[in-house]
Every structure is written in structure tokens, then in C-alpha cells.
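Below: one structure, written as C-alpha cells.
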Protein chains: 2
Amino acid sequence: MLSVYSDDYFMQQAIKEAETALLKGEIPVGAVVVCDNKIIARGHNQTEQLHDVTAHAEMIAVTAAANNMGAKYLPDCTLYVTLEPCAMCAGALFWSQIGRVVYGAADDKRGFMRFGKALLHPKTTVEYGVREETCAELLTRFFKAKR
Amino acid sequence: MLSVYSDDYFMQQAIKEAETALLKGEIPVGAVVVCDNKIIARGHNQTEQLHDVTAHAEMIAVTAAANNMGAKYLPDCTLYVTLEPCAMCAGALFWSQIGRVVYGAADDKRGFMRFGKALLHPKTTVEYGVREETCAELLTRFFKAKR
């Protein structure tokens, strides 16, 4: 059973965002930002729709979270994202000073971990592998349909 | 004398953007995107005004350039920016596949070059040091006034 307010629960919410992206023909990546067990921002990849390579799920969610908080920094927040962030998104997370990042599937080709954790703020903790299979399966489905 | 359509000329335009940021109390960084000797986008740092850590000059200019071109990729464009881009902005430049990046002042603390050119697209060429003193002087003036 899915317990409320767990990493599992919030990753499910990020997966919902990824599913929305998939329905729009976008690479299915979704994210939510959580503060005090409350989702304060959501985002999904919109690079095609907006013709904007910076419109990744994490960028949209971080900007929306800052808007919601009326503050630039997010030290008490957690970002849940279905795919390992790229270097751009890791750089944005660095500037946001976000407290914690939880991602689902790894991205060996474009993920920030190729550069090590130095791209993130030293105070940011990282976890991964939450609902990994579901997160990865969405991407596999998308790229299979494209072929 | 300032020749038209030179790196020097376009960096001057980026400096104008940085000066606009300075007038607004923002860290003075400015950028322009040039395609076929035409400025197709401008941007200056707006992180304070927008309460958004992602609102760097380069991010704004790249998004605006893509809007202007109606295309996601900018292989035939040059970004001129007064300060060495951070990792986030380098990551955005990677995704944009921009042809060339020219920056003024170095940023030893937060610049992407700490990670090497691997953060940029392999096809992107980089130059730096154009109007370096003017670019750096704006930043020095800003941080001195803050103290």
C-alpha cells in the first residue's frame, strides 16, 4: 500500500507529471517540489511545446516553487523528478540551494552525475532509484513509439 | 574605433544589458544572441526582480532567441555574455547547440570552465576576454556598493 507523504508517494506525483508530458508528445519527465509534506510546485518537460530547450521539468518546477514561496532559495524543499537531472538542471538546483533531490531513473548519457555531485550545492542531499522502473518505462515507451 | 559587426561591437551590446541590470540593482551580467550579424535576442540578469535563480542573462537570451527563430536549436548563432557562464547556463547552451560562445570576464568561482568544456556541446566554440576589463569593472562596482 502506498503510504502518504513518503518518497514513494511524491515520486508517484512526479510520474503523473511525466505522463502528462507523454500525452503531449514530450519526452516524459516530471517533477514536483515538496515543502513540509506539501506539493508547492509541479512541472513537466515542455521543450517541444515551448520550442525552448530550457523548459525541462525541473526548471519549471524550481521557478514555480520560488514563485509560490516568494523566495529565491529552497533549502527546506525536496525536488522529486522521474529522471536524473541534466547539468543545466543540476546547476539550477545549485542556485536554488534546494535541500534534497530525489530522482527515479538514472540518465547515464546526460545526467549530472557524470560530473559528480560538485554541480549541486554542498548542502543538497541526493537519493535515487525511487520507482525507477516506472520512471524508466515511460521513457522507453516514448522512444519506442518514436522509432 | 569600434568596427561594426565585430566581437567587440556585440560585446558592447551585452555590456549595455549588464548596465541595465546594474540600474535595477541586479548583479550586472548581460547577454545578446547574434545570428547573421543581427542581434536576435537580449537578456540581463533578473534573479532579484523575478525571485528566480534561473533568470540569468544567458537563460533569458537563449529562450528569447529560440522564440525569435521559432526553433529550438541555435547552431548558427553566437552568444555574447559579459561573464563566464555558470554550469546551469552552460548546460542550457549545450541543449541549444549554439555555434559559438564569447564571454568577457572570467568567473573562477562559479564559471563552467571549472568542469572543462564537457558541459558545452562538442560543436560549440568558445572565446573569452573580449572587453574583459569593462565587464569585470561593472561587477566590481556592484559588489563594492553592496558592502
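Quick note: the coordinates plus some simple rules give every number you see, no bench work behind them. Keep in mind that what you see is a predicted model, and the values were worked out from it rather than measured. Glycine also receives a Cβ, built like all others from the backbone with ideal geometry; neighbour counts cover every protein chain displayed.
Selection over the range B:13-31 of residues that are over 27 Å from B:A71 (Cβ atoms) and surrounded by fewer than 18 Cβ atoms within 10 Å (Cβ to Cβ) gives a count of 4.
Against the condition under 14 Å from the mean Cα position of the chain (by Cα), of a type outside the set (V, I, T) and under 24 Å from A:Q49 (Cβ atoms), how does B:A18 come out, does it pass? No; evaluated as a whole, the condition is false for this residue.
Candidates are the residues of the range A:32-43 that are surrounded by 21 or more Cβ atoms within 10 Å (Cβ to Cβ) and out of contact with any Cys (no Cβ under 9 Å at 6 or more places or on another chain); the one that is nearest to the other protein chains (Cβ to nearest Cβ) is A:G43. Within the range B:5-40, the set of residues being outside any helix (DSSP H, G or I) and of a type in the set (V, I, T) comprises B:I27, B:V29, B:V32, B:V33, B:V34, B:I39, B:I40.
Each residue in the range B:89-147 was checked for being in contact (Cβ under 8 Å) with a residue 60 or more places away in the chain and on the phi > 0 side of the Ramachandran plot, and 1 pass.
I need the full set of residues from the range B:80-105 which are within 15 Å of B:C35 (Cβ to Cβ), in contact with a helix residue (DSSP H, G or I) (Cβ under 8 Å, 6 or more places away or on another chain) and within 13 Å of chain A (Cβ to nearest Cβ), in order please. I'd like the intermediate steps shown before the answer.
Start the filter on the range B:80-105 by keeping residues that are within 15 Å of B:C35 (Cβ to Cβ), which leaves B:80, B:93, B:96-102.
Next, only the ones that are in contact with a helix residue (DSSP H, G or I) (Cβ under 8 Å, 6 or more places away or on another chain) stay: B:80, B:93, B:96, B:98, B:101-102.
Correct list: B:L93, B:S96, B:I98.
Taken over the range B:101-125, the criterion of being among the hydroxyl-bearing types (S, T, Y) and either closer than 20 Å to B:V53 by Cβ or crowded, with 16+ Cβ neighbours inside 10 Å (or both) is satisfied by B:Y103, B:T124. A search for C-beta distances below 9 Å between a residue of the range A:44-69 that is surrounded by fewer than 18 Cβ atoms within 10 Å (Cβ to Cβ) and any residue that is polar (S, T, N, Q), counting only pairs 6+ apart in sequence or on different chains, returns A:L50/B:T63; A:L50/B:N67; A:H51/B:N67. For the condition outside any helix (DSSP H, G or I) and within 15 Å of the chain's Cα centre (by Cα), what is the one hit in B:A90, B:A64, B:A71, B:A55? It is B:A55.
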